[in-house]
1. Quick check: at a probe of 1.4 Å, how many percent of the accessible area of the chain sits on carbon and sulfur atoms?
2. Sorted by mean Cβ packing within 10 Å, highest first, what order do the peptides 54-62, 123-131, 147-155 take?
3. Mind telling me which of Asn109, Asn182, Asn23 comes out most flexible in a GNM of the chain, alpha-carbon contacts under 10 Å?
4. For Cα pairs less than 8 Å apart in space and 6+ apart in sequence, what is the mean separation divided by the residue count of segment 1-46, i.e. the relative contact order in percent?
5. HN-Hα J couplings of segment 74-87 from phi, Karplus 6.51/-1.76/1.60, θ = phi - 60°, integer Hz, Gly and Pro as x?
6. Take the eigenvalues of the Cα gyration tensor for segment 1-146, scale each by 5, and report the square roots as semi-axes in whole Å, largest first.
7. Round to the nearest 0.05 the FRET efficiency obtained for Val229 and Thr116 when R0 = 45 Å and r is the Cβ-Cβ distance.
8. Can you compute the modelled spin-label distance between Gln28 and Ser71, with each label point 7 Å from Cα toward Cβ, in nm?
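The values are calculated or read from the model by the stated rules, or taken from the named source; none is laboratory data. Computed from a predicted structure; not experimentally measured. As a convention, Cβ positions derive from the backbone with ideal geometry for all residues, glycine included, and neighbour counts pool all protein chains shown. SASA here: full protein model, heavy atoms, side chains in, ligands and nucleic acids out. Shrake-Rupley method; radii C 1.70, N 1.55, O 1.52, S 1.80 Å.
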Amino acid sequence: WSGTVTPSKSGYIFSPASASFTNLTATQTIQNFTATAVYVISGNAGAPGVTLSYVDGTPRTVVSDASGNYSIGVRGGWSGTVTPSKTSYIFSPVSRTYSNISANQTAQNYTATLATYTISGNAGVAGVTLRYVSGTLRSVVSDASGNYSITVPYNWSGTVTPSKTGYLFSPVNRTYSNVVANQAAQNYTAIPLYSISGNTGVAGATLSYTDVTPKTVTSRVDGSYSFMV
């Protein structure tokens, strides 16, 4: 006879996994197997598609199902750490550590939260509106000290633009790409604007001045004019 003998029992793994024989012509004795109990670590990872990593002889992983449920089989006496991960999520707890497992471990749940990051700094003056788009147009207003803080999702890209009547800002805005960490000290300098106004005595008069570059304004029908510097 030639063939393979494979032992199985629910809750156990066997070493060797099977024994093969070729052209038997004599009784085969001491064909022993070692049965090792298998225990299950299970629960909910907090989101579908979460990868749970652990080491059992070699690095291994399982992935949570559409409902976030997962199940890991380990040998009796196993010690190690299970760590969940999924792009754009943070987990609580960050991981779970086990020592000498001798029973099934159920309800080993995690809370998955979409990762968010903070863009913060000083806008240069109180009451500055900082606008940005995150799904929809959003804005925050700097506090009495000029400080501001914006919360954006993992991998956010966009532009933050400060504005306040009577001020120019340097830089005019700040652009971000694929944010995956907090962005601190994102400061602006607020430059106050002042109005020069009056009447030239005639409509259509050109008033020339230099503010970094040569500029002009033209008086209105009644001769009045106004420009900011």
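1. Exposed carbon and sulfur together represent 51 percent of the surface.
2. Working: 54-62: 12.2, 123-131: 19.0, 147-155: 16.4.
Those peptides, ordered most packed to least, come out 123-131, 147-155, 54-62.
3. Asn23
4. Relative contact order here is 41 percent.
5. Once θ is set to phi - 60°, the couplings for segment 74-87 become 10, 5, x, x, 5, 10, x, 10, 9, 10, x, 7, 7, 3 Hz.
6. Working: eigenvalues 620, 45, 28 Å².
They are 56, 15, 12 Å, listed largest first.
7. So the FRET efficiency works out to roughly 0.65.
8. Between Gln28 and Ser71, the simple spin-label model gives 3.2 nm.
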